[in-house]
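A quick write-up on the structure given underneath.
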Amino acid sequence: MTETFMPDLKSEEELRALQLEGLKWTVRHAYQGSPTYREKLDEAGVTPDDIKTLDDLKRLPFTTAQDLQEGYPFPLLSVPFEKVVRIHASSGTTGKRKVLCYTQKDIEDWTHFFARCYEMAQLSRQDRVQIAVGYGIWTAGISFQMACERFGAMAIPAGPGNLDMQCQFLVDFQSTVMCCTASMGLLMAEEVNRRGLRDKIHLKKMIFGSERSSDAMRRRIKELLGLEHMFDIPGMTELYGPGTGLDCVHHTGIHYWADYYILEILDPETLEPVPEGETGEMVVTTLRKEAVPLIRYRTRDLTRAIPGKCPCGNILPRHDRILGRSDDMIIFRAVNIYPGQIDHVLSGISGIGSEYQIILERRDDGKDYMTLKVERDHGVDPARDQELKKTIQGEIKKQIMVSTEVEIVDYGSLPRSERKSKRVFDNRE
Ligand code: ZN
């Protein structure tokens, strides 16, 4: 029998029992090992003995990025130093970077569940995996590689960039899988076609790192390379790194490893669970992490749970792609809206470009109004503006349940930036 990296769980009850055991262990371990956690738990009036059901998760205090920054350089460390075998760090755009420690077991667990990603993507030991992501302190290319080797496929540790070399590897080594960012995927796809290499390569699958990618971009990559599948691999340094889930070949959402962490999806304002299927902030609690366990860690990333069963039959639950950051949330007429949701709606409408702005204002009647400025796509007739407006308004109403005014502007007239463009202009008091 082929080795499997899937959990040996037959039912959701078994999964919940495993989670409860992991939760109890984590709270006790953090309480005993980390003075910071002990203080936080004491303040919340919770002791490890109080954790009797999964419902007791609600009683636990939140952990935030600030906790990690304040504990710099080795925050929330819950084991003695001699047990730490590696560190990784996030580059951190604001404040101090977050440094995370790993024990030998943490590395082994990470490697094991990352190998599960390759299994989920239906790789075999015949596959040749070109790993074109960064290696080093910030990123965890090493995890892609260790898991690939553990899985038994052949790793090609190419690193990022260098399209010339990447193309050569695709041809010479006949790589079947490539791991990279979606932007690099697009560059590769265009380069392969520009050089007329399409018939000389054997690439079947791509696995994209956490960077957000539009559906249009993904369609183009798939088409240019004739790929069978593209997968999204989530990952944040705080929670081991990449490999904490993957969509299966049905692509109905990202199966996440609920035997390694509990995912709550909470309203970032009230910190209460959102109704099932609605967008909220991902809050994670680890179940086996030794060096730096996470207790209700607020990731600031937004997604939604995907209800129901996946056609693949796997019992591991699913969440959607990352839809944005909770810091970007807009409250408009008592509805929580994230720019990522608008982005998602717009990317499904043809005839418009990828650039847009959201303008909020309070008018004399005391009510809030939202205007979307959207670019007409390159080469689209301005005579279609009315029709585009109607489509956009209709789709926003249907999918986000708010009314908006729409202004169609010329292609190229909204500012562009190499970095993240400012999209929300809140002119309300
Ligand atoms: Zn599935």
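Between the DSSP loop rule and a limit of at most 10 other Cβ atoms within 10 Å, which GluC sites (Glu not before Pro) in the range 346-427 are left?
Qualifying residues, ordered by number: Glu418.
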Highest-MSF residue in the chain out of Arg97, Arg194, Arg376 [GNM, Cα springs under 10 Å]:
Arg194
Positive end of the charge dipole of the range 1-79 (Lys, Arg +1 and Asp, Glu -1 on Cβ, about the Cα centre): tell me which of Ser78, Gly45, Ala65 has its Cα farthest that way.
Gly45
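Work out how much length Ser403 to Arg86 would gain on full extension: take 0.36 nm times their residue separation and subtract the Cα-Cα distance, in nm to one decimal.
Once the chain is fully extended between Ser403 and Arg86, it gains 109.1 nm.
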Translational diffusion coefficient, Stokes-Einstein: compute it for the range 327-426 using the Kirkwood radius over C-alpha pairs as Rh, at 20 °C and 1.002 mPa s, and state it as an integer in µm² s⁻¹.
153 µm²/s
Can you tell me which aspartates and glutamates have their Cα less than 12 Å from the Cα of Lys289? Leave out same-chain residues fewer than eight positions away.
Asp106, Glu108, Asp109, Glu238, Asp259
Among all the aspartates and glutamates, which ones have a C-alpha under 14 Å from Lys204's C-alpha, if same-chain residues fewer than 8 places away are not counted?
Asp127, Glu223, Glu228
How high is the relative contact order of the range 109-204, given as a whole-number percent (alpha carbon pairs under 8 Å, six or more residues apart)?
31 percent
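Can you tell me, using C-alpha contacts under 8 Å and at least 6 residues apart, the relative contact order of the range 329-426 as a whole percent?
In percent, rounded to a whole number, it is 31.
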Distance from the Cα centre of the range 1-77 to that of the range 326-379, in angstrom?
38 Å
Report the full-extension gain for the segment Ala383 to Trp138: residue separation times 0.36 nm, less the Cα-Cα distance, to one decimal in nm.
83.3 nm
Taking 25 Å as R0, compute the FRET efficiency from the Cβ-Cβ separation of Asp215 and Arg125 and round it to 0.05.
0.20
Across bins of 5 angstrom width beginning at 0, how are the C-alpha pair distances of the range 162-209 distributed, in whole percent?
5, 23, 37, 28, 6, 0
For the range 320-382, what is the relative contact order in percent, using Cα pairs closer than 8 Å and at least 6 residues apart in sequence?
24 percent
Loop-resident sites, the range 1-79, for trypsin sites (Lys or Arg not before Pro), counting at most 16 other Cβ within 10 Å (DSSP)
Lys10, Lys52
Please identify the GluC sites (Glu not before Pro) of the range 1-70 that satisfy two criteria: DSSP loop assignment and at most 12 other Cβ atoms within 10 Å. Which are they?
Glu3
Indicate the gyration tensor shape class of the chain (rounded, prolate or oblate), computed on the Cα atoms with a ≥ b ≥ c the square roots of the eigenvalues: a/c under 1.5 is rounded; otherwise a/b larger than b/c is prolate and the rest oblate.
oblate
Zone of Asp50 (label point 7 Å along Cα→Cβ, backbone N under 16 Å): which residues in the range 293-318?
295-296
Connecting every pair of Cα atoms under 10 Å apart in the chain and solving the GNM, the largest mean-square fluctuation among Ala17, Ala305, Ala140 falls on Ala17
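When a/c reaches 1.5 or more, the comparison of a/b and b/c decides; with that in mind, is the range 139-182 rounded, prolate or oblate per its Cα gyration tensor?
Verdict is oblate for the range 139-182.
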Cα gyration tensor, the range 278-330 - rounded (a/c under 1.5), prolate or oblate:
oblate
With a 10 Å cut-off between alpha carbons and a GNM built on the chain, which of Gly152, Gly308, Gly351 moves the most?
Gly308
Are any of the pairs Lys10/Lys105; Lys222/Lys309; Lys24/Lys83; Lys200/Lys222; Lys58/Lys98 more than 19 Å apart by Cα-Cα distance, and if so, which?
Lys10/Lys105; Lys222/Lys309; Lys24/Lys83; Lys58/Lys98
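Laboratory data are not the source of any read-out in this text; all were calculated from the coordinates shown. What you see is a predicted model, and the numbers here were worked out from it, not measured in a lab. Counting neighbours? That spans all protein chains shown, and the Cβs are built from the backbone with ideal geometry, glycine included.
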